[in-house]
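Asker: Below is the structure I would like to discuss, written out as structure tokens.
The values are calculated or read from the model by the stated rules, or taken from the named source; none is laboratory data. Just so you know, these numbers come straight off a predicted model, no measurement behind them. Here the Cβ positions follow ideal geometry from the backbone for every residue, glycine too, while neighbour counts run over all protein chains shown.
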Amino acid sequence: MPELPEVETIRLQLTQLIPGVTIKDIKILKEKSFSGDKKLLFGATITDLLRLGKMLVIKTDKKLALAVHLKMTGQLIFKSQKTSEDLPNKFTRVIISFTDGSKLYFNDVRRFGWMKIIETIEDLKKKIGPDPLKVSNSQFYKILKQTKKPVKFLLMDQEKLAGVGNIYACESLFLGGVNPNVSANKLTQERSEKLLDSLKKVLNSGIKWGGASKQNFRNAYGEKGEMQEHFSVYGREGEKCLNNCGGKIMRIKMGGRSTFVCPVCQQ
């Protein structure tokens, strides 16, 4: 699933491409993928793009916005006026056409993702926690102290902290030297600060490398990200720990999800 760095990568790219362009038409190929009256956005000019956790919000001058959640396999790909031979494809669910001839394609293999016309972003904000890149040490420590569940589950709980998924949870816990099974409220303030610092580092690294493309993720240009080439633990089961501690990366199951850890470094 695209996480904070992947969605932020798309936001940064689309911010250079679509503000100022006007929506001409919206073609919905899968009804489940789009909510709202598409005609309300005809003639609307894109003004800005925001990210709320794993969601992207495309704002317009009509006081309406288009919220996008990529879920497991969603893609949001921009094409200029030049004819594209690879889009649309069998996974294209929505096509947004602009008056300058360019198009924005929403592709989704598993069809869990969605686009939704909204009047305000406040309702979206109420359903998610703070952005981990903006949260303070004291805020993060307070969030940890509120639950006894494993710290990995807390990191991935969108109502507590918005934007972190399996990949960056594994990477940040490794960098912070924290066992993913430890109860969140058991972490000391010192370890909490180290974990938050590690989380911010791996998220910023993910943005730097344009996201991770282990599976379906593609950026706004349809290209793969490079973060997967810089993983410390994720997907490295059986390989030597990069800390040269003598341990090998293990894969364990937590909540039905694969979790990658170093048994030596993450006591």
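Asker: For the range 12-31, enumerate the residues that are crowded, with 18+ Cβ neighbours inside 10 Å and either over 14 Å from ILE96 (Cβ atoms) or at pLDDT below 95 (or both).
Answerer: GLN13
Asker: Which is surrounded by 15 or more Cβ atoms within 10 Å (Cβ to Cβ), touching a residue at least 60 places away in the same chain (Cβ under 8 Å) and among the small types (Gly, Ala, Ser), of GLY177, GLY235?
Answerer: One residue alone meets the criteria, GLY177.
Asker: Only one of these conditions is not met by GLU193: (1) buried (at least 21 other Cβ atoms within 10 Å of the Cβ); (2) not in a loop (DSSP other than H, G, I, E, B). Which number is it?
Answerer: It fails just one condition, (1).
Asker: Quick check on this structure: which one of GLN228, GLN215, GLN267 is at pLDDT below 95 and within 30 Å of PHE78 (Cα to Cα)?
Answerer: GLN215
Asker: What is the residue count in the range 25-52 for residues that are outside any helix (DSSP H, G or I) and farther than 16 Å from PHE106 by Cβ?
Answerer: Matching residues across the range 25-52 total 10.
Asker: Condition check: touching an Asp or Glu at 6+ places or on another chain (Cβ under 9 Å), outside the structural domain of GLY53 (by TED's automatic domain parsing), within 18 Å of ASP131 (Cβ to Cβ) and among the small types (Gly, Ala, Ser). Does GLY176 satisfy that?
Answerer: When the stated conditions are applied, GLY176 does not pass them.
Asker: Would you check which residues across the range 32-52 are closer than 21 Å to ALA220 by Cα, surrounded by fewer than 18 Cβ atoms within 10 Å (Cβ to Cβ) and not charged (D, E, K, R) and list them?
Answerer: Once the filter is applied, which keeps residues that are closer than 21 Å to ALA220 by Cα, surrounded by fewer than 18 Cβ atoms within 10 Å (Cβ to Cβ) and not charged (D, E, K, R), the range 32-52 yields THR45, THR47, LEU50.
Asker: How do the helices (runs of 4 or more DSSP H) wholly within the range 53-165 filter down when requiring 3 or more residues that are without any contact (Cβ under 8 Å) to a residue 12 or more places away in the chain and surrounded by fewer than 17 Cβ atoms within 10 Å (Cβ to Cβ): which remain?
Answerer: Result: 122-126, 137-145.
Asker: Hey, GLN81 hits all of (1) within 30 Å of GLN267 (Cβ to Cβ); (2) at pLDDT below 95 but one; which does it fall short on?
Answerer: Against the list (1) within 30 Å of GLN267 (Cβ to Cβ); (2) at pLDDT below 95, GLN81 comes up short only on (1).
Asker: Hey, among MET227, MET254, MET250, which residue is touching a Cys at 6+ places or on another chain (Cβ under 8 Å) and either in contact (Cβ under 8 Å) with a residue 12 or more places away in the chain or within 30 Å of TYR105 (Cβ to Cβ) (or both)?
Answerer: From the options MET227, MET254, MET250, the qualifying one is MET250.
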